[in-house]
Amino acid sequence: MKLLLAVVVLAAVAVSANGDPGFWDTVKKPFRFGKEAVQGAGDMVRAYSDMREANWKNSDKYFHARGNHDAARRGSGGRWAARVISNARERVDRLRGGSAASSAADQAANRWGRNGGNPNKYRPRGLPRKY
């Protein structure tokens, strides 16, 4: 057991000394993805909450784009969370009788934000600066 531990430690040091990604970088990567996903989900919740609070006509697409944009800026985990949450939300809307056209427009705004597009493209006139 001690020999195995020594080999693992020496391998980690050797890999780090060569300038290659270190052992700890490899260990931390899944945790970073998870952290980004949780933070991205928080961004999506914040955008939804702001949309409900604003209660502004024709602001739906803006908040879709903004939530996806903010989440995707967190990294690959945030981008993943934005995609999963957006797709689930649209499926629920469709099951509740939402139109295919509205769902397609929402998904376009979602993709726009997730791909780094400026959410203000969908910002309705007169929406308070707070949002």
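Quick one: is residue 79 over 13 Å from the mean Cα position of the chain (by Cα) and open to solvent by 80 Å² or more (accessible area, probe 1.4 Å)?
On the way: over 13 Å from the mean Cα position of the chain (by Cα): no; open to solvent by 80 Å² or more (accessible area, probe 1.4 Å): yes.
Against the criterion (over 13 Å from the mean Cα position of the chain (by Cα) and open to solvent by 80 Å² or more (accessible area, probe 1.4 Å)), residue 79 does not qualify.
May I ask you to list the residues in region 43-56 that are under 14 Å from residue 68 (Cβ atoms) and out of contact with any Asp or Glu (no Cβ under 9 Å at 6 or more places or on another chain)? Break it down stepwise before answering.
Here is the first cut: in region 43-56, the residues under 14 Å from residue 68 (Cβ atoms) are 43-48, 50-51.
Residues satisfying the conditions are 45, 48, 50.
Can you find even one residue in region 87-110 that is farther than 24 Å from residue 55 by Cβ, surrounded by 14 or more Cβ atoms within 10 Å (Cβ to Cβ) and not hydroxyl-bearing (Ser, Thr, Tyr)?
Checking region 87-110: not a single residue is farther than 24 Å from residue 55 by Cβ, surrounded by 14 or more Cβ atoms within 10 Å (Cβ to Cβ) and not hydroxyl-bearing (Ser, Thr, Tyr).
State which residue pairs qualify: first residue modelled with pLDDT of 95 or more and inside region 36-59, second residue part of a helix (DSSP H, G or I) and open to solvent by 100 Å² or more (accessible area, probe 1.4 Å) in any location, beta carbons under 7 Å apart, and separation of 6 or more residues or different chains.
Note: pairs meeting the criteria are 37/80.
The values are calculated or read from the model by the stated rules, or taken from the named source; none is laboratory data. In this text, all values refer to a predicted model and were calculated from it rather than measured experimentally. No Cβ is skipped: glycine too gets one built from the backbone with ideal geometry, and neighbour counts run over all protein chains shown. To get the accessible areas, we keep the full protein, side chains included, count just its heavy atoms, and leave off ligands, DNA and RNA. Shrake-Rupley method; radii C 1.70, N 1.55, O 1.52, S 1.80 Å.
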